[in-house]
Amino acid sequence: MEHKPRVLVVGAGIVGLCCAWYLARAGADITLVDRDGPGEGTSSGNAGAISAGSVAPLAMPGVLKQVPGMLLDPKGALHIPARYWPAAFPWLWRFVLEARPERVAEIAQALAVLLHGAEERHLEILKAEGALDLIAHNGQLYLYRDAQHLAKDDASWALRREHGMETRVLDRAGILELEPEVSAAYTVGLFAPRQGHSLNPLRQARVIARGVERMGGRVLRGNVSALMTQDHRVTGAMVDGAPVAADHVVLAAGAWSAKLLAPLGIRVPLESQRGYHIMLPHPGVMPRRPLVPADRKAFITPMEEGLRIAGTVEFGGTEAPPNAARAALLLEDLAKVYPQADIRDAKPHWMGHRPCLPDSLPVVGPVREWPGLWCAFGHGHLGLTGSGPAGAVVAAAMLGPTPNADLSPFGVERFA
Ligand SMILES: Cc1cc2nc3c(=O)[nH]c(=O)nc-3n(C[C@H](O)[C@H](O)[C@H](O)COP(=O)(O)OP(=O)(O)OC[C@H]3O[C@@H](n4cnc5c(N)ncnc54)[C@H](O)[C@@H]3O)c2cc1C
């Protein structure tokens with residue numbers, strides 16, 4: 001019998017899970033390892049939006065003017081506590097440099113190629129696992145106070161439209177037709193009818209983990225302390241102090257990935273953008289689709305277990321405790337859209353770590369200098385969306401057939 005390639009996937013967040021699923025389907029012998037259960041970290045708590053059309057990077061031209069506000073406004077969409085300024089500065093500097101118009105165009109093009117068909121990839125996995133009910137296809141609705149407020153986002157919507165995203169601008173009557181209970185504070189809407197959402201990101205992760213096992217893969221709990229190397233090749237990883245050998249290792253450890261690369265001499269400017277959510281099991285109002293009040297761009301998403309208000313961006317690293325004041329802002333965002341919402345049984349706030357690179361592009365594909373090593377991390381604000389396509393492309397690049405997508409914009413080498 002032909003030798004099945006042994007692939008060790010480090011990290012069972014949604015990205016590692018989708019890589020493991022597509023690799024198992026392509027015939028690999030999979031070991032997936034995580035110190036926690038599948039999808040229990042950042043991937044459990046996101047806003048659920050599957051936004052294949054979101055190709056505009058976070059650093060758009062003109063971002064430099066916004067940085068002082070970001071640093072000084074504790075209630076702004078992005079907050080950096082003063083103690084973290086020195087650590088955040090080099091990342092922010094690179095972020096600002098990525099906002100050149102020609103670079104923004106390149107990034108959007110690369111994201112458009114990677115994210116093309118993102119929802120189809122999720123549906124492909126969930127159909128095979130008998131869980132198509134996890135995805136809803138009712139679009140997403142962005143809410144603006146007035147036309148001037150919408151105009152601030154013109155450049156980023158234009159870029160998305162250029163890459164094929166369908167959008168419709170709505171007046172107040174148009175908003176009410178879709179979502180009759182939205183407050184009068186919002187008079188202009190932007191409806192993106194072709195974007196979908198997950199009704200339960202944690203259940204989705206668990207379904208995929210079961211799929212990996214169904215195809216013969218092993219899903220293990222364990223802490224990975226180091227990647228193993230021999231003759232300048234990556235040959236496995238140390239899991240709870242014991243070697244686990246593999247022909248290929250896929251590093252999908254989210255915001256923790258850079259730590260495992262550093263001993264190989266690979267430096268990656270990966271930062272956690274900490275985000276929060278609050279769940280309301282019985283809010284008394286329920287939209288049909290994610291609503292995004294554009295003030296701070298929080299998502300208000302209808303899910304199986306209630307209404308989830310998710311968002312805010314905070315720098316502060318992976319070790320500092322959550323900041324209740326940031327989470328509380330989410331209830332302010334909700335109150336602007338639904339003043340009537342019942343928040344009495346709100347669950348305690350949740351925090352997760354978006355793995356973010358300054359150019360808003362993930363690192364996906366083989367590492368040229370280290371045969372045997374593959375990366376799949378850094379999807380930032382779009383990790384649920386990008387996980388399906390990233391998994392499909394990694395499996396195809398490793399085991400064939402050769403993918404159509406050009407992986408060079410996503411190489412870890414771009415930071416050398
Ligand atoms: C508030 C919020 C809202 C969001 N909304 C959306 C959205 O609507 N749509 C969207 O597309 N994206 C969204 N995102 C982003 C998305 O959730 C993330 O990009 C995605 O979950 C990252 O997945 P991941 O698998 O790369 O990382 P993770 O989910 O963090 O998984 C990495 C895993 O690696 C494990 N790990 C790390 N180091 C080790 C080690 N040394 N040994 C063993 N295991 C290790 C961790 O335990 C973890 O389980 C949101 C994020 C947040 C925080």
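When a/c is below 1.5 the answer is rounded, else prolate if a/b is larger than b/c, else oblate, so apply that to segment 33-130 with a ≥ b ≥ c taken from the square roots of the Cα gyration tensor eigenvalues. Numbers along the way, then the final one.
Working: a/c = 2.63, a/b = 1.46, b/c = 1.80.
Oblate is the answer for segment 33-130, as a/c is 1.5 or above yet b/c matches or exceeds a/b.
Among 399, 141, the order by Cβ neighbours within 10 angstrom, fewest to most, reads 399, 141. Taking 305, 271, 40 in turn, the Gaussian network model of the chain (Cα-Cα springs below 10 Å) assigns the largest fluctuation to 305.
Take the residue pairs 75/259; 75/336; 75/152; 65/297; 152/336; 259/297 and return only those whose Cα atoms are more than 25 Å apart. Could you put the intermediate results ahead of the total?
Numbers: 75/259 31 Å; 75/336 15 Å; 75/152 19 Å; 65/297 19 Å; 152/336 19 Å; 259/297 30 Å.
Result: 75/259; 259/297 exceed 25 Å.
Overall, segment 146-221 carries a charge dipole of about 840 debye about its Cα centre when +1 sits on the Cβ of Lys and Arg and -1 on the Cβ of Asp and Glu, all other atoms neutral. Rounded to the nearest 20, the size of the Cβ-charge dipole of segment 278-409 about its Cα centre is 240 debye, with Lys and Arg at +1 and Asp and Glu at -1.
Give me the extension gain from residue 161 to residue 404: residue separation times 0.36 nm, minus the current Cα-Cα distance, reported in nm with one decimal. Please report the intermediate quantities before stating the final value.
Numbers: separation 243, 0.36 × 243 = 87.48 nm, distance 2.25 nm.
Result: 85.2 nm gained on full extension.
Which shape class applies to segment 101-164: rounded if a/c is under 1.5, otherwise prolate when a/b exceeds b/c and oblate if not, where a ≥ b ≥ c are the square roots of the Cα gyration tensor eigenvalues? Oblate. Take the Cβ atoms of residue 238 and residue 171, set R0 to 60 Å, and the FRET efficiency comes out at 0.50.
Can you find, among 234, 404, 113, the residue sitting farthest towards the positive end of the charge dipole of the chain, where Lys and Arg contribute +1 and Asp and Glu -1 at Cβ? Value computed over the given set: 234.
Relative to the longest principal axis of the Cα atoms of the chain, the long axis of helix 101-115 makes an angle of roughly 70 degrees.
Assuming R0 = 60 Å, can you tell me the calculated FRET efficiency for the pair residue 106 and residue 225, based on Cβ-Cβ distance, to the nearest 0.05?
Working: r = 37 Å, r/R0 = 0.61.
Efficiency computed from Cβ-Cβ geometry: 0.95.
Compute the FRET efficiency between residue 286 and residue 137 as 1/(1 + (r/R0)^6), taking r as their Cβ-Cβ distance and R0 = 22 Å, and round to the nearest 0.05.
Values: r = 17 Å, r/R0 = 0.76.
Rounded to the nearest 0.05, the efficiency is 0.85.
Which of the peptides 199-205, 351-357 is most tightly packed, and how do the rest follow, judged by the mean count of other Cβ atoms within 10 Å per residue? If you can, show how the numbers build up before the last one.
Working: 199-205: 21.4, 351-357: 23.0.
Packing proxy ranking, top to bottom: 351-357, 199-205.
Could you tell me whether the chain comes out rounded, prolate or oblate from its Cα gyration tensor? Rule is a ≥ b ≥ c as square roots of the eigenvalues, rounded for a/c under 1.5, then prolate if a/b exceeds b/c, otherwise oblate. Intermediate values should be presented prior to the final figure.
Details: a/c = 1.67, a/b = 1.47, b/c = 1.13.
Prolate.
Computed packing ranks the peptides 327-334, 210-217, 94-101 as 327-334, 210-217, 94-101, most packed first, by mean other Cβ atoms within 10 Å.
Where does helix 383-399 land angle-wise versus the long Cα axis of the chain, in degrees 0 to 90, nearest 10? Value to nearest ten degrees: 20. A simple spin-label model places the labels of residue 73 and residue 325 1.6 nm from each other, with each point 7 Å out along Cα-to-Cβ. From the alpha carbon centroid of segment 50-76 to that of segment 221-246 is 38 Å.
Taken along the Cα-to-beta-carbon direction at a fixed 7 Å, the label points for residue 40 and residue 149 span 4.0 nm.
Read-outs throughout are calculated quantities, based only on the coordinates presented, and are distinct from any laboratory measurement. Keep in mind the model is a prediction, meaning the values are calculated, not measured. Cβ atoms come from the backbone with ideal geometry, glycine included; neighbour counts cover every protein chain shown.
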